[in-house]
1. Given a 1.4 Å probe and the protein chains all in place, what does the accessible area of Arg117 round to, in Å² to the nearest 10?
2. Taking the Cα centre of the chain as the origin and placing charges on Cβ (Lys, Arg +1; Asp, Glu -1), which of Asn124, Ile30, Val142 is farthest toward the positive end of the dipole?
3. How large is the charge dipole for segment 9-150, taken about the Cα centre, if only the Cβ atoms of Lys, Arg (+1) and Asp, Glu (-1) carry charge, to the nearest 20 debye?
4. Take the alpha carbon gyration tensor of segment 41-118, find the square roots of its eigenvalues, order them as a ≥ b ≥ c, and report rounded if a/c is under 1.5; if not, report prolate when a/b exceeds b/c, else oblate.
5. From Cα pairs below 8 angstrom and at least 6 apart in sequence, can you work out the relative contact order of the chain, rounded to a whole percent?
6. Which order do Leu60, Leu146 take when ranked by solvent-accessible area (1.4 Å probe, heavy atoms of all protein chains), largest first?
7. How much length would be gained if the chain were fully extended between Ala77 and Lys45, taking 0.36 nm per residue of separation minus their Cα-Cα distance, in nm to one decimal?
8. Grab every C-alpha pair in the chain, bin the distances at 5 angstrom width from 0 up to the longest one, and report whole percents.
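The values are calculated or read from the model by the stated rules, or taken from the named source; none is laboratory data. Quick caveat: nothing in here was measured; it's all calculated off a predicted structure. Positions of Cβ are backbone-derived with ideal geometry, glycine not excepted, and every protein chain shown enters the neighbour counts. Calculation scope for accessible area: heavy atoms of the full protein, side chains included, ligands and nucleic acids excluded. Shrake-Rupley method; radii C 1.70, N 1.55, O 1.52, S 1.80 Å.
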Amino acid sequence: MWHIFYYKFKVLPYQPLSFDEVKENLEWRIGTDEMIAVELKTSHKMIGNVYMGKRDFEALEIGYVFNQNYWGNGYAAESCKALIQQAFSNGVHRIYAECDPNNKNSWKLLEALGFQREAHFRKNVYFWKDENEKAIWKDTYVYAKLNDNT
């Protein structure tokens, strides 16, 4: 399943949400341990979040999104690295991520974190339809990192 969190450096592929949709989404984010807020140590300002969704077979799905004003400072790498280390020390076997092949900054980050590209799915998802109600298909890269201690 695709989430907004795979789009660290690109425009998110979703339409604006209604007030009720935002409220529901915020309640989910606050109530789950899968969504981790990232804040600046100095000001405690929230600048992004990392998603660590529980999956079958002792695996997690990782995703991230950061405020554009803080890109290029290593915050995403630092946050993801710490959460990956914590997950692996807790016995997680595999962490994977899906991203847009056009989002080079995102997949480059995954590679810098030691993830390996496992798949390139062609036109396997869509977020919008055109004026004729025809799906606008997008490709997906799948990356994964294994825990060497499991």
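1. Approximately 100 Å² for this residue.
2. Val142
3. Details: 18 positive and 20 negative charges, 97 e Å.
Dipole of segment 9-150, to the nearest 20 debye: 460 debye.
4. Oblate, since a/c reaches 1.5 and b/c is not below a/b.
5. The value is 22 percent.
6. Ranked list, largest accessible area first: Leu146, Leu60.
7. 9.8 nm
8. Bins of 5 Å from zero give 2, 8, 17, 21, 20, 17, 10, 4, 1, 0, 0 percent of pairs.
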